[in-house]
Amino acid sequence: MVGQFDGKVVVVTGGGSGIGRCCAVAFAQHGARVVVADVAVDGGEETARQIVTDGGEALFVRADVAQSGEVRAMLSRAVETYGRLDYAVNNAGISAGFPLHEYPDEDWERVLRINLTGVFLCMKHEIIHMLAHGGGGHRQHRIGGWSCRVTRRRRLHGQQTRRRRADQGGCPRVCPAGHARQRRLPWLYPDPHGPL
Ligand SMILES: NC(=O)c1ccc[n+]([C@@H]2O[C@H](COP(=O)([O-])OP(=O)(O)OC[C@H]3O[C@@H](n4cnc5c(N)ncnc54)[C@H](O)[C@@H]3O)[C@@H](O)[C@H]2O)c1
């Protein structure tokens, strides 16, 4: 299998179903070795099985993205198995599906813990591994609505970069995905006029 991501390693959180599974399979079809991370064991194993059956390489690791220790252990396993980490799709998330004025407080706390803190924890530990393996210019995509990229240059010169971005009217390190996402991952969006 020869592709755009040959030899690269990608982690897809929430890879056990839906958008995460599609991303995991698509990365594998383009040559990446895929670490599928999910709390749902059946779904996660099924995604990995699909990839391997299609001739790709995949590993399922059960991990709750809201638990720092589980995120760290999952990423250690990924790097032990494949030797590096190049990309991450921090997609795991939930929605309790209530209208705002009926949203139970405890459900809101849970959404924040998984959808917000979970992305933070994953990115924090993913970036450590990416930089440790010569990372630079890597991009992380939060398919659920936010994207972020990190570069070694920006880590070293973060202040200048933040100032320059602010001058350009942009936000420094995290920005809504939207059209930029479509430009960066054209193979996920074969129809340029299709939905984002
Ligand atoms: N589908 C949409 O229309 C839509 C719209 C906006 C945002 N999103 C976001 O996109 C992402 C994927 O959506 P989807 O429709 O594929 O959802 P989905 O429910 O099919 O998939 C989410 C996956 O995340 C996993 N997950 C949940 N909590 C987890 C945790 N704590 N740790 C690890 N894995 C966990 C689930 O087991 C599941 O496999 C979600 O974050 C969702 O909030 C989806």
The condition of being of a type in the set (Gly, Ala, Ser), buried (at least 16 other Cβ atoms within 10 Å of the Cβ), out of contact with any Ser or Thr (no Cβ under 9 Å at 6 or more places or on another chain) and within 14 Å of Val9 (Cα to Cα) holds, among Ala58, Ala88, Ala78, only for Ala78
The residue that is farthest from the ligand (Cβ to nearest atom), considering only those in the range 80-111 that are part of a loop (DSSP other than H, G, I, E, B) and over 17 Å from the mean Cα position of the chain (by Cα), is Gly83
When (1) away from the ligand (no atom under 14 Å from the Cβ); (2) buried (at least 16 other Cβ atoms within 10 Å of the Cβ); (3) not in a loop (DSSP other than H, G, I, E, B) are applied to Val11, the one that fails is (1)
Note on Cys23: of the conditions (1) over 17 Å from Lys8 (Cα atoms); (2) within 13 Å of the ligand (Cβ to nearest atom); (3) part of a helix (DSSP H, G or I), unmet is (1)
For the range 2-56 the number of residues that are of a type in the set (Gly, Ala, Ser), without any contact (Cβ under 8 Å) to a residue 24 or more places away in the chain and more than 16 Å from Val89 (Cα to Cα) is 0
**Message:** For the structure I just gave you, tell me whether Ala28 is crowded, with 24+ Cβ neighbours inside 10 Å, more than 16 Å from the ligand (Cβ to nearest atom) and at pLDDT 95 or above.
**Reply:** yes
Counting only residues in the range 32-57 that are among the small types (Gly, Ala, Ser) and either assigned to a helix (DSSP H, G or I) or within 14 Å of the ligand (Cβ to nearest atom) (or both), the one farthest from Met74 (Cα to Cα) is identified as Gly43
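The values are calculated or read from the model by the stated rules, or taken from the named source; none is laboratory data. Model, not experiment: these values are computed from the prediction. In this analysis, Cβ positions are derived from the backbone assuming ideal geometry, glycine residues included, and neighbour counts consider all displayed protein chains.
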